[in-house]
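Participant: Structure below; questions to follow.
The values are calculated or read from the model by the stated rules, or taken from the named source; none is laboratory data. Keep in mind it's a predicted model, so treat the numbers as computed, not measured. All Cβ positions, glycine included, derive from the backbone under ideal geometry; neighbour counts span all protein chains shown. Accessible surface is based on the protein model in full, side chains and every heavy atom, while ligands, DNA and RNA are left aside. Shrake-Rupley method; radii C 1.70, N 1.55, O 1.52, S 1.80 Å.
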Amino acid sequence: MIRYRVVVLVLIVLLIYFFRLIFASGGDRSQFYQNCLKFCTLDNCTQSGVSYKKELQWKHDPINKLLLWTCYDECGYDCMWRTTAAFHNRNWTTPQFYGKWPFVRFLGMQEPASVLFSVANFATHYKMLQRFRREVRTDSPMYGTWRAFSYICLNAWIWSAFFHTRDFPVTELLDYTFAYSMVLASFHCMVMRMIHRSSIVVRGAFSCLCVLFFVNHFSYLSVGRFDYSYNMKANIVTGMSGALGWILWCFLQRKKRRYVWKCFTFIVLATSSLLLEINDFPPILWTFDAHSIWHLVTAPLTILFYSFIIEDCKTLRKELVGVEDEESRKLL
């Protein structure tokens, strides 16, 4: 009992810390950066900022052209490093630019480590989905729910990789909203696991409610300026509700279903890994920041969670078959 209370306390502390997040972007607001960007674009770019006035090394990189790096973007990238060097020469801390740390590009990717680890998460979900489909029969309770959950996660990690490759308004929207779809899907699965014996009307109504809420969430963020504050609060409330719900369920099922330790451990470790998001730091080797390492951590944790899902579905089916056999004997 004490262990579960400690976990709840940790979740509450994380919640408080999340509301204190501040997104600093001192680098792009500095006069040094603004002057550098101004003169670079005047010297090298056309009025639109897309094309180049003269032949430059940037222009000959086919990968940059494929990923739609414009002359203005290249000036911003070059000035970002000039500004970072200027800050360090004055013994100032590493600045952020437009809410992001300076990263070394690789093959045109803005945040190569986050791209790589997003792909790793996608691959892990895909492999575990294949295992789930091999080991769990289609008539098992919760089979369809967990399969839908897997597809939602696969979609989200695809857009995470796209967003970290190139930060456009549309890729940012799709990354943030589909990342929330994973959080909401986990919450949905938690509730569905608790009410899986209820009528199809009750389960269907709850599922429709979640779908409608996500559609409203997506529509709201799609119109006008992206509301980062609302999106963060939606993730916190939904994520913490789901985590607390899973922990409560694990506590209640701990004697009947010994394997719930897998779900409990996953929730605790996944929630604890969010400390990386809170205690952000400049990228190591200008590549590995806290966010990318968080993506790295979540990949192996996925294996543990799917192990729980598979065992739980098998157990539910055995229980269902047992009940049906008992009812058949009564009829005879």
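Participant: Is it the case that some residue within the range 194-201 is small (G, A, S) and part of a helix (DSSP H, G or I)?
Facilitator: No: the range 194-201 contains no residue that is small (G, A, S) and part of a helix (DSSP H, G or I).
Participant: Among the residues of the range 202-224, is any at positive phi and either surrounded by fewer than 13 Cβ atoms within 10 Å (Cβ to Cβ) or in contact (Cβ under 8 Å) with a residue 12 or more places away in the chain (or both)?
Facilitator: Scanning the range 202-224, I find at least one residue that is at positive phi and either surrounded by fewer than 13 Cβ atoms within 10 Å (Cβ to Cβ) or in contact (Cβ under 8 Å) with a residue 12 or more places away in the chain (or both), so the answer is yes.
Participant: Moving on to the next point. Within the range 233-261, how many residues are open to solvent by less than 30 Å² (accessible area, probe 1.4 Å), in a helix (DSSP H, G or I) and basic (K, R)?
Facilitator: Within the range 233-261, residues that are open to solvent by less than 30 Å² (accessible area, probe 1.4 Å), in a helix (DSSP H, G or I) and basic (K, R) number 0.
Participant: Could you please let me know if V136 is in contact with a helix residue (DSSP H, G or I) (Cβ under 6 Å, 6 or more places away or on another chain), among the β-branched types (V, I, T) and closer than 18 Å to T171 by Cβ?
Facilitator: Considered against the rule, which asks whether it is in contact with a helix residue (DSSP H, G or I) (Cβ under 6 Å, 6 or more places away or on another chain), among the β-branched types (V, I, T) and closer than 18 Å to T171 by Cβ, V136 comes out as no.
Participant: Right, something else. Which residue pairs have Cβ atoms closer than 6 Å, lie 6 or more positions apart in sequence or on different chains, and pair a first residue in the range 309-320 that is assigned by the TED database to the domain that holds M190 and of a type in the set (V, I, T) with a second residue that is open to solvent by less than 50 Å² (accessible area, probe 1.4 Å) and at pLDDT 95 or above?
Facilitator: Hits for this filter: I309/W146; I310/F132; I310/V136.
Participant: With respect to I200, is the statement that it is under 15 Å from the mean Cα position of the chain (by Cα) and among the aliphatic types (A, V, I, L, M) true?
Facilitator: In short, no.
Participant: Taking only the range 312-332 into account, find how many residues are modelled with pLDDT of 90 or more, open to solvent by less than 70 Å² (accessible area, probe 1.4 Å) and either within 22 Å of V119 (Cβ to Cβ) or out of contact with any His (no Cβ under 8 Å at 6 or more places or on another chain) (or both).
Facilitator: 4
Participant: Also, quick follow-up: Condition first: surrounded by fewer than 16 Cβ atoms within 10 Å (Cβ to Cβ), modelled with pLDDT of 95 or more and over 22 Å from the mean Cα position of the chain (by Cα). Now tell me which residues in the range 138-149 satisfy that.
Facilitator: Once the filter is applied, which keeps residues that are surrounded by fewer than 16 Cβ atoms within 10 Å (Cβ to Cβ), modelled with pLDDT of 95 or more and over 22 Å from the mean Cα position of the chain (by Cα), the range 138-149 yields only G144.
Participant: Which residues, taken from the range 97-123, are outside any loop (DSSP other than H, G, I, E, B), open to solvent by less than 20 Å² (accessible area, probe 1.4 Å) and among the small types (G, A, S)?
Facilitator: Scanning the range 97-123 gives A113, S114, S118.
Participant: Spot the failing condition for F117; the list is (1) at pLDDT 95 or above; (2) outside the structural domain of A148 (by the TED database), and only one is missed.
Facilitator: The single condition F117 does not satisfy is (2).
Participant: May I ask you to list the residues in the range 138-167 that are within 28 Å of L316 (Cα to Cα), in a helix (DSSP H, G or I) and of a type outside the set (A, V, I, L, M, F, W, C)?
Facilitator: Within the range 138-167, Y143, G144, T145, R147, S150, Y151, N155 qualify.
Participant: Return the residues of the range 82-95 that are over 12 Å from W286 (Cα atoms), open to solvent by less than 50 Å² (accessible area, probe 1.4 Å) and outside any helix (DSSP H, G or I); say none if nothing qualifies.
Facilitator: P95
Participant: Among the residues of the range 124-137, write down those that are part of a helix (DSSP H, G or I), in contact (Cβ under 8 Å) with a residue 12 or more places away in the chain and open to solvent by 30 Å² or more (accessible area, probe 1.4 Å).
Facilitator: Y126, R131, R133, E135 - these are the residues of the range 124-137 that are part of a helix (DSSP H, G or I), in contact (Cβ under 8 Å) with a residue 12 or more places away in the chain and open to solvent by 30 Å² or more (accessible area, probe 1.4 Å).
Participant: Another question about this same structure. Can L42 be described as outside the structural domain of S198 (by the TED database), open to solvent by less than 40 Å² (accessible area, probe 1.4 Å), among the aliphatic types (A, V, I, L, M) and modelled with pLDDT under 95?
Facilitator: No, not satisfied.
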